[in-house]
Amino acid sequence: MKISCQKSELMNGINIVSKAVSSKSAMPNLQCILIETSLSEIKLIANDIEIGIETVIEGNIAEAGRIALDAKLFSDIIRKLPDSEVMIETNANYQANIRCERSKFNIPGTSGEDFNYLPEVEKNKYISLSQLTLKEVIRQTIFSISDQESAKIMTGELFEVTGNTLKVVSLDGHRISIRKVELKESFENMKVIVPGKTLNELSKIIKDDIDDEIRLYVTDKHILFEFDNTKVVSRLLEGEFYKIDQMLSNDYETKFTINKKEFLDCIDRASLFIKESDKKPIIMNIDNNNIYMKIDSSIGSMNEEIEIKKEGKDLKIGFNPKFLMDALRVIDDEDITIYMINAKSPCFIRNEDDSYIYLILPVSIAA
């Protein structure tokens, strides 16, 4: 194999596929990046079994071939090269010679014959949306997945398509995040659970461009995200997702509207008094058209008052401040509306068309 390309192009490709390189596996191939060239394209591939990524980069191909290189070493070398043209040439013993200006490196590789290629995904069932929309939907839900492997389903997100609506749901036992997006056209109904790890890595490499499309192809076992010159394939989580509809309610005894930034800033200040060893709830006393925020901990206390527009009963309720802040940070509205039933029932942060719903369980407080 003999190729050349600009360092920036090669580095971008490496950064994309490196997100599917295993750092812990005892299998050497899972710690490698495969460079595979034909007469027309240079392809970089990585696959840790759970997630596989393939991307095509621009460059010149003098001789086609294939080699698998240790991902960390290869990435570190390219990163430290001058911003110039990089030439990679391999010999019959799968030694890779890397040259850039006056720098020369020789590193060992393997043939890549037993490399784990991306699984083939049939392109019969798909949906499409903009990359920016998908990136935003992930950002607005990913924080409430669980990191407990014992609750495997909770480590992923539900992607459900009904007609021209995509609904994405995550939950961790203390809160639920729901985002609904209207698609440009109707698609075949589908319901799959995508691992949170896949979505986290995907969100780092898809663009913020509202016009660039991404397609999601689905089979019984896998999901393929295809965009630009890149493919991301992931296993789906098996099992039945939680029936969240029965957890949602339109009933409320207390409803108030509040400025989001003012509310978030207040909770953020209160969190200064929370230590890992002494987790205290933030207590909200909703009284007439004011909300009185209070926190007491071993290192201090804070009281603050915010004006609100309230309907219904007065209420005293406590919350984990982090759960509130996580939801507030991803809502773009200037004002938000919060619905509550009582001090032991979950609160709902939702807008009028239910394009976002955040359910948060309260924390018990002394009367």
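The values are calculated or read from the model by the stated rules, or taken from the named source; none is laboratory data. All values reported here derive from a predicted model rather than from experimental measurement. Note: ideal-geometry Cβ built from the backbone for every residue, glycine included; neighbour counts use all protein chains shown. Heads up: the accessible areas ignore ligands, DNA and RNA and are worked out on the full protein's heavy atoms, side chains in. Shrake-Rupley method; radii C 1.70, N 1.55, O 1.52, S 1.80 Å.
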- [ ] Output the strands (runs of 3 or more DSSP E) that fall wholly within region 91-200 and possess 1 or more residues being of a type in the set (Gly, Ala, Ser), touching a Cys at 6+ places or on another chain (Cβ under 9 Å) and closer than 30 Å to SER4 by Cβ, or say none.
- [x] 103-110
Open item on the list: Where the second residue is among the acidic types (Asp, Glu) and crowded, with 19+ Cβ neighbours inside 10 Å and the first is at pLDDT 95 or above and lies in region 202-229, which pairs have Cβ atoms under 6 Å and are six or more apart or on separate chains?
Closed with: ARG215/GLU226
Task: Residues located in region 206-222, provided they are among the charged types (D, E, K, R), within 18 Å of the chain's Cα centre (by Cα) and either over 16 Å from VAL137 (Cα atoms) or part of a strand (DSSP E or B) (or both) - done: GLU213, ARG215
Task: Qualifying residue in region 19-42 (condition: modelled with pLDDT under 95, of a type in the set (Ser, Thr, Tyr), within 30 Å of LEU236 (Cβ to Cβ) and open to solvent by 70 Å² or more (accessible area, probe 1.4 Å)) - done: yes
Open item on the list: Looking only at region 172-205, filter to residues that are under 17 Å from the mean Cα position of the chain (by Cα) and small (Gly, Ala, Ser); which one of those is nearest to PHE225 (Cα to Cα)?
Closed with: SER203
Open item on the list: Given (1) touching a residue at least 60 places away in the same chain (Cβ under 8 Å); (2) of a type outside the set (S, T, N, Q); (3) part of a strand (DSSP E or B); (4) under 23 Å from ASN229 (Cα atoms), identify the lone condition not met by ILE61.
Closed with: (1)
Task: Residue in region 323-335 that is surrounded by 17 or more Cβ atoms within 10 Å (Cβ to Cβ) and in a strand (DSSP E or B) present - done: no
Open item on the list: With the requirement that a residue be closer than 16 Å to LEU171 by Cα, in contact (Cβ under 8 Å) with a residue 60 or more places away in the chain and of a type in the set (A, V, I, L, M, F, W, C), what does region 329-367 give you?
Closed with: VAL330, PHE348, ILE357, LEU359, ILE360, LEU361
Open item on the list: Criterion first (in a loop (DSSP other than H, G, I, E, B), out of contact with any strand residue (DSSP E or B) (no Cβ under 7 Å at 6 or more places or on another chain), of a type outside the set (Ser, Thr, Tyr) and loosely packed, with under 15 Cβ neighbours inside 10 Å) does ASP354 satisfy it?
Closed with: no
